[in-house]
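Below: one structure, written as C-alpha cells.
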Amino acid sequence: MNRTVMLPDGTSVPALGQGTWFLGEKKFQEEQEKEALTSGIQAGMTLIDTAEMYGSGKAEELIGRTIRGMDRSQLFLVSKVYPHNAGRKNIFKSCMASLERMGTDYLDIYLLHWRGGIPLSETVACMEQLKKEGKIRRWGVSNFDTDDMEELWSVPGGKNCAVNQVLYHVASRGIEYDLLPWMREHHVPLMAYCPLAQGGDLRRGLYQSAVLNKIADAHGAAVAQVLLAFALRDGNTIAIPRSSKKEHTLDNAGADGLVLTEAELAAIDREFAPPSRKVYLDIV
Ligand code: NDP
C-alpha cells in the first residue's frame with residue numbers, strides 16, 4: 001500500500017483499511033469472509049475497523065479468528081465503544097471484552113462510536129486511563145460534527161483525539177463545508193466510513209453515474225475504485241470499505257494506485273456538488 005496517512009502522534013497508517021460491519025454474522029459465510037479479510041491484509045489493508053456493536057461482538061470475533069497466528073505488530077486494529085458504555089462504569093469491561101473477542105492485548109485506536117449522555121470529560125479521562133494501562137494506543141471519536149469537536153477540544157485531554165470517523169462519499173460531501181476544514185486546521189485525520197455508499201444502497205443509481213463510469217473506464221478501473229480514490233484524494237483521509245468477497249476486497253486495495261486528475265475531480269464536482277452551506281452530519 002503506497003498511500004498512507006499520518007496520525008497526530010506521527011504514526012503512519014495505510015490510507016485504505018477494511019470495515020467489518022455485518023461481517024461475522026452468518027456462519028455459512030465465515031470462510032469467505034475470512035478469505036476476504038486475509039486477502040485485504042496481504043494487499044496492505046492492515047487497518048481493520050470494527051465495533052462492539054457489530055453483530056454484538058461477532059465481527060470482533062471473526063477478526064480474532066482471522067488474525068490468529070498473524071504478526072500483531074503488522075496490524076492496526078480499531079474498535080468502538082457504545083456511547084452508553086463510554087463511562088467509568090462500563091468502558092474498562094467493554095474494552096477488555098473487545099480485546100478478548102479479537103484475541104489481542106491492545107487496540108491501536110478505540111473510538112467513541114457516537115455521542116451519548118456520558119460527559120465527554122469522563123469518556124476522555126477513561127480513554128486516557130486505558131492508554132496508561134496499555135490497553136489502547138490512542139483514542140478517537142466517531143460521528144462528531146463541528147460543534148462536538150469544539151466541545152471535545154475544550155475538555156482536559158480532548159486534544160489527544162487521533163481521528164474522527166464519519167460518513168463520507170462522493171454523494172455525501174456535507175462535511176467539506178466546515179467539519180473537514182476544522183479537522184484540517186486541528187490536524188485530526190478523517191476516517192471515512194461508507195466510502196462506497198454501501199455498494200450504492202445509500203444513493204440510488206450512484207454506480208450507474210455516467211461521470212463516474214467515464215472516469216472508471218479511462219483508468220481501466222471499477223466505479224468502486226473511483227469512489228475510494230475520491231475519498232483519499234487529499235492525503236489526510238483513511239477510507240474503510242467493507243467487503244465480504246475477496247474479489248471486491250482486492251479491487252478496493254487496487255484503488256491505492258488510482259489518482260484522479262484535476263479535470264476528473266472537476267467533473268465530479270459538477271455532478272456531485274460540494275456543499276455551499278452548513279450540512280449536518282450524515283449518519284447511518
Ligand atoms: P461501504 O460503503 O464500505 O459498502 C459496503 C458494501 O459495498 C457491501 O455491500 C459490499 O458488498 C459492497 N462492496 C465492497 N467492495 C465493493 C466493490 N469493490 N465493488 C462493488 N461493491 C463493493 O459500507 P459500510 O457501511 O460497511 O462502511 C464501511 C465501514 O465503515 C463499516 O464496515 C464499518 O466498519 C464502518 N462504519 C462505521 C460507522 C460509524 O458509525 N462509525 C457507520 C457505518 C460504517 P460485498 O460484501 O458483496 O463486497
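The values are calculated or read from the model by the stated rules, or taken from the named source; none is laboratory data. Everything quoted here is computed from the prediction, not taken from an experiment. All Cβ positions, glycine included, derive from the backbone under ideal geometry; neighbour counts span all protein chains shown.
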The listed residue being within 11 Å of the ligand (Cβ to nearest atom) and at positive phi, out of 239, 197, 222, 231: 197
Residues (among the basic types (Lys, Arg) and closer than 19 Å to residue 55 by Cα) located in the range 1-42: 26, 27, 34
Residue selected from the range 102-125 under the condition within 13 Å of the ligand (Cβ to nearest atom) and without any contact (Cβ under 8 Å) to a residue 40 or more places away in the chain, by the criterion farthest from residue 73 (Cα to Cα): 116
Pairs, first touching a residue at least 24 places away in the same chain (Cβ under 8 Å) and of a type outside the set (Gly, Ala, Ser) in the range 6-34, second surrounded by fewer than 16 Cβ atoms within 10 Å (Cβ to Cβ) and assigned to a loop (DSSP other than H, G, I, E, B), C-beta under 7 Å, six or more apart: 8/187; 32/245
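At pLDDT below 95, farther than 15 Å from residue 280 by Cα and either among the basic types (Lys, Arg) or touching a Gly at 6+ places or on another chain (Cβ under 9 Å) (or both): is that true of residue 137 in this structure?
Details: at pLDDT below 95: no; farther than 15 Å from residue 280 by Cα: yes; either among the basic types (Lys, Arg) or touching a Gly at 6+ places or on another chain (Cβ under 9 Å) (or both): yes.
Spelling it out, it is not the case that residue 137 is at pLDDT below 95, farther than 15 Å from residue 280 by Cα and either among the basic types (Lys, Arg) or touching a Gly at 6+ places or on another chain (Cβ under 9 Å) (or both).
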Yes/no for residue 80 being at pLDDT 95 or above, surrounded by fewer than 19 Cβ atoms within 10 Å (Cβ to Cβ) and basic (Lys, Arg): no
Matching residues in the range 255-266 - criterion: being buried (at least 17 other Cβ atoms within 10 Å of the Cβ) and either more than 15 Å from the ligand (Cβ to nearest atom) or touching a residue at least 40 places away in the same chain (Cβ under 8 Å) (or both): 255, 256, 260, 264
Residues located in the range 166-212, provided they are within 16 Å of residue 242 (Cβ to Cβ) and surrounded by fewer than 16 Cβ atoms within 10 Å (Cβ to Cβ): 199, 201
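For every residue, the table says whether it meets (1) more than 15 Å from the ligand (Cβ to nearest atom); (2) closer than 27 Å to residue 160 by Cβ.
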{"residue": "4", "(1), (2)": "yes, yes"}
{"residue": "26", "(1), (2)": "no, no"}
{"residue": "43", "(1), (2)": "no, no"}
{"residue": "53", "(1), (2)": "no, yes"}
{"residue": "65", "(1), (2)": "yes, no"}
